[in-house]
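The values are calculated or read from the model by the stated rules, or taken from the named source; none is laboratory data. Keep in mind that this is a model prediction, so the values were computed, not measured. Heads up, the Cβs are rebuilt from the backbone with ideal geometry, glycines too, and the neighbour counts pull from every protein chain shown. Only protein heavy atoms, including side chains, enter the accessible area calculation; ligands, DNA and RNA are left aside. Shrake-Rupley method; radii C 1.70, N 1.55, O 1.52, S 1.80 Å.
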Amino acid sequence: WGALAKSMDLPQAFEGCPFNRNCKRDAHTVDTLRASPASKFYLVHGDGIIGSSGSPPSFRTQSSNTFLSRSTLTPSKRLIHFTTLDLEKIGIATETSEKTYLLGSAALTTDYPAYHFVIDISHMDANTTLTNLKSNIPGTEFELLGGRTVLTTLHPLELAIAGYAISLASWHQQSAFLGSTGEATDVIDAGGKRQTANNPAGRVYPNPRPAVIMLIVSPDGQSCLLGRSKRFRNMKGMYSCLAGFMDISESVEEAVRRETLEEANVQVGHVRLMGSQPWPIGRGGACEVMIGCIGQATSNDITVDPKEMEDVQWFPRETVREMLQRSLKTNVPGDELIVPGPWAIAHHLIYAWAIQGQTPLSTNESASAPLKVRSVWTHLASALAGATIVWILLNRPRL
């Protein structure tokens, strides 16, 4: 399992952006930075970002454990950041562009020593822009990197930057008007917020959509529940964790139980939170945050809702381990069973159960002890502690 264990050192897709988002955002500072030749600008068009073929920088980091070294990955694409002089050549004035948003300053790595911005050029023709870039900045084959292709073609550090830049620009596109009144909103705090002109209360902030993604373990602990979404039509053997959006006034645990019941008609008891992953390429251009959980099923029978899923099955641990191994390969026949690669939180949840033996029980609880037994002992201990306190109070010396 060496290669599989090594894959778990890979950061999940889109996490680990190196920029400090708490940098100064006052108007004077930002105006100065936007005109500075030291500042860097990324160009976003729709759900894509301008990049090129070739290897990215070496990514020297302050902590060697923070990100993988270049030697462990083989990215085929890289992001391109531009200076004010570069953009002037194609007619983009960084000082006056209304769609220039501050990403942050680079404090975590030595490869990004300046302030970084994203410019939304969705209103411009993409092909014309690429042609102008190639004509005015020779030596680089510019292209628009978009969709899910960036997941496996960019270095993890650049993937995190791309996700942040694309999702921030997308949020501004979708928040040009206040939903409650229809009033137009203006950019404030260098792109950190938007606000209506005459109503300070009409302020909106970038807010990701929370979703749960869960690995459900069978009542006997020997199998896990995996499903095929209709989105996997081109990957016949692909199975993944069940997932769904959280509802209003709903806890994470409640969302896990509801979504599992909706998609597979399986009842879930204990739920354990494991981690999270930003997902800036969500539905409709929205940025989502995936909240990963492991849940314990209390029933075995499956009834698939065809509106929700194409297929849902229980998979034994050994089969799941083989699916994890295949997820590391680049050329897998379409009909072979496989799970998402290590860029996805689903992979990490499946690995935690299939390889590490993680269970829906918390780490300080024994998997062999039923929850109701532990609950009884907890109550007895509390009662004993209470009785002890009462005895002390009744028998303390009187003054």
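A single entry from R228, R283 fulfils the requirement of being within 24 Å of F14 (Cα to Cα), more than 19 Å from the chain's Cα centre (by Cα) and at pLDDT below 95: R228. Looking across the range 217-234, the residues that are more than 19 Å from H348 (Cα to Cα) and either of a type in the set (V, I, T) or open to solvent by 80 Å² or more (accessible area, probe 1.4 Å) (or both) come down to D220, K230, R231, R233, N234. Exactly one residue out of I302, I294 is assigned to a strand (DSSP E or B) and among the β-branched types (V, I, T): that is I294. Here A211, A165 are screened, and the one residue that is assigned to a helix (DSSP H, G or I), crowded, with 17+ Cβ neighbours inside 10 Å and aliphatic (A, V, I, L, M) is A165. Among the residues of the range 352-369, are any modelled with pLDDT of 90 or more, part of a helix (DSSP H, G or I), β-branched (V, I, T) and surrounded by 13 or more Cβ atoms within 10 Å (Cβ to Cβ)? Scanning the range 352-369 turns up no residue that is modelled with pLDDT of 90 or more, part of a helix (DSSP H, G or I), β-branched (V, I, T) and surrounded by 13 or more Cβ atoms within 10 Å (Cβ to Cβ).
Within the range 205-216, residues that are more than 15 Å from A346 (Cα to Cα) and of a type outside the set (S, T, N, Q) have Cβ atoms under 6 Å from residues that are open to solvent by less than 70 Å² (accessible area, probe 1.4 Å) and part of a strand (DSSP E or B) in these pairs: Y205/K193; P208/E288; P208/V289; R209/E288; P210/V289, counting only partners at least 6 apart in sequence or on another chain. When A3 is tested against (1) modelled with pLDDT under 90; (2) of a type outside the set (K, R); (3) surrounded by 14 or more Cβ atoms within 10 Å (Cβ to Cβ), just one condition goes unmet, and that condition is (3). Just one of the listed residues (E263, E254, E259) is in a helix (DSSP H, G or I), acidic (D, E) and open to solvent by 20 Å² or more (accessible area, probe 1.4 Å), namely E254. Of all residue pairs spaced 6 or more apart or on separate chains, those with beta-carbon atoms under 7 Å, a first member in the range 147-159 that is more than 15 Å from W279 (Cβ to Cβ) and a second member that is in a helix (DSSP H, G or I) are L154/A162. Annotation: Q313 fulfils all but one of (1) modelled with pLDDT of 90 or more; (2) open to solvent by less than 60 Å² (accessible area, probe 1.4 Å); (3) not aliphatic (A, V, I, L, M); the unmet one is (2). Of the residues making up the range 186-203, those that are under 20 Å from C23 (Cβ atoms) and not in a strand (DSSP E or B) are D189, A190, G191, G192.
Restricting the search to strands (runs of 3 or more DSSP E) fully inside the range 15-82 and requiring at least 3 residues that are at pLDDT 70 or above and out of contact with any Pro (no Cβ under 7 Å at 6 or more places or on another chain) gives 40-45, 48-53.
Only residues that are over 30 Å from I166 (Cβ atoms) and open to solvent by less than 30 Å² (accessible area, probe 1.4 Å) were counted in the range 266-293, giving 4. Evaluate the following for L324: is it part of a helix (DSSP H, G or I), in contact with a strand residue (DSSP E or B) (Cβ under 6 Å, 6 or more places away or on another chain), on the phi < 0 side of the Ramachandran plot and crowded, with 20+ Cβ neighbours inside 10 Å? Against the criterion (part of a helix (DSSP H, G or I), in contact with a strand residue (DSSP E or B) (Cβ under 6 Å, 6 or more places away or on another chain), on the phi < 0 side of the Ramachandran plot and crowded, with 20+ Cβ neighbours inside 10 Å), L324 does not qualify.
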